[in-house]
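Report on the structure given below.
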Amino acid sequence: MYRGSKSSVPGRPWQYKAAAFTFAIGMAGTTLPAPLYGLYQEQIGFSSLMVTVIFATYAAGVIAVLTLASNFSDLLGRRPVLLAALGFSVASALCFVFEGGLPLLFAGRVLSGLSAGLFTGTATVAVMELAPEDKRGRAGFAATAANMGGLGCGPLLAGILAAYAPWPLRLPYLVHLGLLVVAIALTLPLPETVPRRDPRPALRPRLPHVPQEVRGVFVPAALAAFAGFSMFGLFTSVAPSFMAKTLGVHDLAVSGAVVFSAFAASTVGQLAMNRVGVGRALPAGCFVLVVGMVLIGCSLLFTSLALLAVGAVVSGLGQGLSFRAGMAAVTGRTPKDRRGETTSAYFVVAYLGISLPVIGVGALALGIGLRDAGLVFSACVVVFAAVVGGWLLHHSAVEPTGRADQ
């Protein structure tokens, strides 16, 4: 039986904005280490392969939550899960503050991944549910901006503080801890949007599953997401090392700004999706990603920071277009009572893309060097994204009528 719930009361504008702020702060913590890995390498002494393995443990945490706890916010409520995600963020930041070697680096990344896995689905829904009816469109934008904007602001903040302030491996996390305290204070008074059940159902992990009738859309959309997130994996793990060792860029603020530009461009691409339409945006995003990855490869070939920055922006635009279009296509075909697990499956494939390819880059770098490994990676993403985009262009699996708000 259901008890009365505050979810029946229309949300106030500050509430969805508070949830969006919390979302952004949580996601920023997951990318804070991006420009700092080179400093950790100097301090501890490990290879580029180890950088990618440390980074990939984050994706493992995300995937673990998405596969085992994707329905917990439907059972427990949005606010408890948001607070749990913030708790994991705090624990992750503390690991980095007291870091003294690889064990705490790994622990911090796993905890960060658990936090991101909880935030990814729960915060997006919470922002939408807390918005008044006449603010739902703005809430959708706020959720998109909070997700990608938060991911982009993490490297930017860490890069600026590491370059121009003391304690480069401590201060970024101390500042983030302060922001997390603010986020917790804003989250505590938020109303619960999930009706309370009596008795409360038991928490049982439920693996994501894609209904048979959706798989024709899901497979190409998820492969496009895999390609786009592999680009993000590159930028949030070894791209700062590329900039330092191949391009001679040692200013961590510049490294953070380049990573930020990729995520900011993704936000723009996602916002442009409705104008382009799902049917065109999904293949178009793949081809724009191809152009961006060619530019990134050329930046390594000709040692050009300008080409890398332009490649980051173009790749981010392509990723944003294809990712949001793929999400709209998948959710548009999925029955409402199966959307949660299907969306989780979509994110699982995306996060496999952010982790597995960059481990390959790290392994290749041991044998052929970081620059050549980056060139091989860029070529592989170009071919992969072009094949997926070509398949989408010549098949009608994705209806052009899909919308991002479905």
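The values are calculated or read from the model by the stated rules, or taken from the named source; none is laboratory data. What you are looking at is a predicted structure, and each value in this text was computed from that prediction instead of being measured. Quick reminder, even Gly has a Cβ in these numbers, built from the backbone with ideal geometry, and neighbours come from all protein chains shown.
Residues that are buried (at least 20 other Cβ atoms within 10 Å of the Cβ) and among the polar types (S, T, N, Q) within the range 17-56 comprise Thr22, Thr30, Thr31, Ser48, Thr52, listed in sequence order.
Taking helices (runs of 4 or more DSSP H) as the structural unit, those lying wholly within the range 21-95 and holding at least 3 residues that are more than 27 Å from Thr187 (Cβ to Cβ) and not assigned by TED's automatic domain parsing to the domain that holds Ala373 correspond to 37-44, 48-68. Is it the case that Arg206 is out of contact with any helix residue (DSSP H, G or I) (no Cβ under 9 Å at 6 or more places or on another chain), over 15 Å from Arg79 (Cα atoms), among the basic types (Lys, Arg) and at pLDDT below 95? No: the conditions fail for Arg206. Just one of the listed residues (Val219, Val238, Val249, Val214) is among the aliphatic types (A, V, I, L, M), assigned by TED's automatic domain parsing to the domain that holds Thr343 and out of contact with any helix residue (DSSP H, G or I) (no Cβ under 7 Å at 6 or more places or on another chain), and it is Val219. Got a number for residues in the range 96-116 being in a helix (DSSP H, G or I) and either in contact with a strand residue (DSSP E or B) (Cβ under 8 Å, 6 or more places away or on another chain) or without any contact (Cβ under 8 Å) to a residue 12 or more places away in the chain (or both)? Selection size over the range 96-116: 2. Taking the conditions (1) farther than 25 Å from Ala312 by Cβ; (2) among the aliphatic types (A, V, I, L, M); (3) part of a helix (DSSP H, G or I) in turn, Leu190 satisfies each one other than (3). Would you say Pro172 is modelled with pLDDT of 85 or more and not in a helix (DSSP H, G or I)? The answer is no for Pro172.
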